Amino acid sequence: MFDSGVFKDKQERSEINLLIKSAPNFFKHAKDDFDATIEFDPRSNEILITFSLIGLDLAGEMPLPHESAFLAWTRINRPHRLTENALRLFEQTFPVEHLERARMIPKYEFFERVMHIILEGK
């Protein structure tokens, strides 16, 4: 998950690693500070899910339809997090000319459309 070849920016890689590790670290040490609090950052879940699915793919596991929809949304809306190689692989399956239109679709609607395409084959 912390593969240095996945992120373009070394600074962002460091920030993402801290983000992913902050909640587990907080709970690991919570017994030492009962008054401590943590603010939830939804980016950590998005990143954790994304790279877990990428790891499963690298292990040869075929993604389920909802996993494919999530990865497509992530690759379309968070391309700055991926290396050039990862983007090239994605662009082989998704026409570049449709990217801007796809980014304008609300997340829930994007998932509904992609799930329909995957499940119905249309």
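Any read-out appearing in this document is the output of simple, stated calculations on the displayed coordinates, not a laboratory observation. From a predicted model like this one, the values you see are computed outputs, not experimental measurements. When we count neighbours, we look across all protein chains shown, and the Cβ atoms used for this are built from the backbone with ideal geometry, even at glycine.
For the chain, the longest principal axis of the C-alpha atoms and the axis of helix 107-120 are separated by about 50°.
How big is the gap, in Å, between the Cα center of the range 62-122 and the Cα center of the range 23-52? Cα centres, the range 62-122 to the range 23-52: 28 Å. Annotation note: chymotrypsin sites (Phe, Trp or Tyr not before Pro) in the range 22-59 located in DSSP loop regions with a Cβ neighbour count of at most 15 within 10 Å are F34, F40. Fewest neighbouring Cβ atoms within 10 Å first, the residues S22, S68 line up as S22, S68.
Using only side-chain charges placed at the Cβ, +1 for Lys and Arg and -1 for Asp and Glu, the dipole size of the chain relative to its Cα centre rounds to 220 debye.
Computed from Cα positions, the angle between helix 10-28 and the longest principal axis of the chain comes to roughly 50 degrees.
Counting neighbouring Cβ atoms within 10 Å and putting the fewest first, the residues F70, F94 line up as F94, F70.
How far is helix 42-58 tilted off the main Cα axis of the chain, in degrees rounded to 10, range 0 to 90? Taking Cα atoms only, the helix is inclined about 60 degrees.
Taking GluC sites (Glu not before Pro) across the range 40-91, the ones in a DSSP loop with at most 14 further Cβ atoms lying within 10 angstrom of their Cβ are E61. If the Kirkwood radius is taken over C-alpha pairs of the chain, then at 10 °C and 1.306 mPa s the Stokes-Einstein diffusion coefficient equals 98 µm²/s.
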